Amino acid sequence: MLQPFGEDMWLADGPETAVIGFRYPTRMAVIRLSGGGLFIWSPVALSDALRTAVDALGEVRCLIAPNSLHHLFLGEWRRAYPGAKLYAPPGLRARRKDLDFDGDLEDTPDAEWAADIDQILVRGNLITTEAVFFHRASRTAIFTDLIQHFSPTAFTGWRAVVAGLDLMAAPQPETPWKFRNAFVDRGAARAALQRILAWPSDRVVMAHAAPVEHDGQAFIRRTFRWLFA
């Protein structure tokens, strides 16, 4: 269930979710903090097997929704791990009033993970404000929806046409056009990306694209070239 991805970091793919007929794969990351607790990024559906694998790594301390679109499974993780703290990105508290959040994601990391993980909010987008993270030990940058890449055969019919036009199924990972066009404050986005590009990223994890295991900083710079054009 959990695949190692660098020092003290594991990935797990969950079942697909449907959004207006588009089927999206789901992926979560587990990071073991220097204090021994676990940081769970973008939790996927919690099966018995996944829970057993996670519990073998340590105590779940932090449950992270990285943007307001990735929240479907927070409730079941909250029930399974009532002692863990639940963190909301901008906009999610209003959408999920059924959840009792313990903290909010900001431009600086919470004290719970500041020794191990850096973060920045990519602001200025009408769709969502995404928190991008950097795990120092594995030198991994973690994106959610701002970079995507689907196989050309992942969709059929009109959805395949839309996916192609939106760059979801481009030859290489890209920021979809819907997200590019939703940046009404590109200055804020550029400021966040400048900080992200200062991280010494070797690897890149994304929710909807295959992980990148080498030259991560160059990969990020290429993917966001449109923002600095």
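Using θ = phi - 60° and the Karplus form 6.51 cos²θ - 1.76 cosθ + 1.60, what ³J(HN,Hα) does each residue of region 211-216 get, whole Hz, x for Gly and Pro?
The phi angles translate into x, 9, 10, 9, 6, x Hz.
I'd like to check one number: the per residue accessible area of the chain, probe 1.4 Å, reported in Å² as a whole number.
Computed with neighbouring chains in place, this is 44 Å² per residue.
How far, in nm, would the chain grow between residue 97 and residue 76 when pulled straight, counting 0.36 nm per residue and subtracting the alpha carbon separation?
Extra length from residue 97 to residue 76 when fully extended: 6.1 nm.
Out of the DSSP beta bridges found with both residues in region 21-109, what percent are antiparallel (nearest 5)?
30
Taking every DSSP beta bridge with both residues inside the chain, roughly what % is antiparallel (nearest 5)?
If I count the DSSP bridges inside the chain, around 65 percent turn out antiparallel.
Place a point 7 Å from Cα of residue 52 in the direction of its Cβ. Which residues in region 1-18 have their backbone N less than 14 Å from it?
Under 14 Å, as judged by backbone N against the label point of residue 52, lie 1-2 of region 1-18.
For region 33-42, what does the Karplus curve 6.51 cos²θ - 1.76 cosθ + 1.60, with θ = phi - 60°, yield as ³J(HN,Hα) per residue in whole Hz, taken in order and with x for Gly and Pro?
6, 4, x, x, x, 10, 9, 9, 9, 6
Calculate, in nm to one decimal, what residue 17 and residue 108 gain on full extension: separation in residues at 0.36 nm each, minus their alpha carbon distance.
29.7 nm
From the phi of every residue in region 188-197, what ³J(HN,Hα) in whole Hz does the Karplus formula 6.51 cos²θ - 1.76 cosθ + 1.60 yield, where θ is phi - 60° and glycine or proline is x?
Result, rounded to whole Hz: 5, 5, 5, 4, 5, 5, 4, 5, 4, 5.
Out of the trypsin sites (Lys or Arg not before Pro) in region 59-145, which ones are loop residues according to DSSP with at most 11 other C-beta atoms within 10 Å?
Passing sites in region 59-145 are 97.
May I ask which residue of 44, 82, 57 lies farthest towards the positive end of the charge dipole of the chain, with charges of +1 (Lys, Arg) and -1 (Asp, Glu) on Cβ and the Cα centre as origin?
Positive-most Cα among the choices belongs to 44.
Does region 55-121 come out rounded, prolate or oblate by the C-alpha gyration tensor, with a ≥ b ≥ c the root eigenvalues, rounded set by a/c under 1.5 and, if not, prolate when a/b is larger than b/c and oblate if not?
Verdict is oblate for region 55-121.
Carbon and sulfur together cover what percent of the accessible area of the chain at a 1.4 Å probe radius?
So the carbon and sulfur contribution to the accessible surface is 53 percent.
Using a/c under 1.5 as the rounded threshold, could you call region 11-77 rounded, prolate or oblate? The axes a ≥ b ≥ c are square roots of the C-alpha gyration tensor eigenvalues, and prolate needs a/b larger than b/c, oblate otherwise.
It comes out prolate by the Cα gyration axes.
Positive end of the charge dipole of the chain (Lys, Arg +1 and Asp, Glu -1 on Cβ, about the Cα centre): tell me which of 35, 149, 114 has its Cα farthest that way.
So the residue we want is 149.
Which FRET efficiency, nearest 0.05, do residue 214 and residue 136 yield, Cβ-Cβ r, R0 22 Å?
Plugging the Cβ-Cβ distance into 1/(1 + (r/R0)^6) gives 0.80.
Using a simple spin-label model with points 7 Å from Cα along the Cα→Cβ vector, what separation in nm is obtained for residue 228 and residue 161?
Once both label points are built, they end up 3.7 nm from each other.
The values are calculated or read from the model by the stated rules, or taken from the named source; none is laboratory data. In this text, all values refer to a predicted model and were calculated from it rather than measured experimentally. Cβ coordinates were reconstructed from backbone atoms using ideal geometry, including for glycine residues, and neighbour counts include every protein chain displayed. Side chains are part of the model used for accessible areas, which takes the heavy atoms of the whole protein and leaves out ligands, DNA and RNA. Shrake-Rupley method; radii C 1.70, N 1.55, O 1.52, S 1.80 Å.
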